[in-house]
Amino acid sequence: MTIHRSLTRYVFAFVLIAALLTPAVTVAAQDGRTITNGIVVGVQAGDDRRLERIAVSDSGGNITEFTVQDSTEYGLETQAGDRWVGRQGDGDDGIDAVTRLRDHQERFAAITVTSQNGVATSIVERESGKLETNLSFLFAVFAITWAGFFAYIFFVSRKQRELQKEVARLRATIKQKSDQ
């Protein structure tokens, strides 16, 4: 039981550290635009089912709301990896945007929102960082996972040896009592 609790604590600590190491978030450009990286936490559609507002949470837990206008451009991917590009004012793209952003919200997929004065000018897949940085995070996760696995195996095998010794001791005690 203590092994299970310890393992749960390690997993929780790992998730917390991974969340803290995720690069953040909002960058202000010189022309008044703001770039925000994060995950979608809210999607609001109007009576006509077109996208009106979205809320994005960055890695620091800050939630930023954006208004969407007809000039807002999209560049989002589906779960299958297909790229969808559209504009809020073009046909049913505002309705498609609601569907795709809700899909991103369910998958916790990261997006990048470029905005000016609280109005989203573009909503795209999160811009990727350096490949080397991503590989170092991948290696760190890989190493931590294997270290945790071997630590778990060590504790289980130690407990098994203790139980085998206890069983052998009990057998010897039973045999000794039956011989008397």
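Quick note: the coordinates plus some simple rules give every number you see, no bench work behind them. Bear in mind that the values here come from a model prediction, so they are computed numbers and not experimental data. Please note: Cβ atoms are built from the backbone with ideal geometry, for glycine as well, and neighbour counts cover all protein chains shown.
Taking label positions 7 Å along the Cα-Cβ direction at both R9 and Y152, the computed distance is 1.7 nm, reported to one decimal.
Let's test the formula: R0 of 30 Å, r as the Cβ-Cβ distance of T99 and I35. What FRET efficiency results, to the nearest 0.05? Efficiency, from the Cβ-Cβ distance: 0.80. Assuming R0 = 41 Å, can you tell me the calculated FRET efficiency for the pair F142 and S178, based on Cβ-Cβ distance, to the nearest 0.05? The calculated FRET efficiency here is 0.15. Using the average count of surrounding beta-carbon atoms within 10 Å as a protection proxy, the listed peptides 148-158, 169-179 rank, highest first, as 148-158, 169-179.
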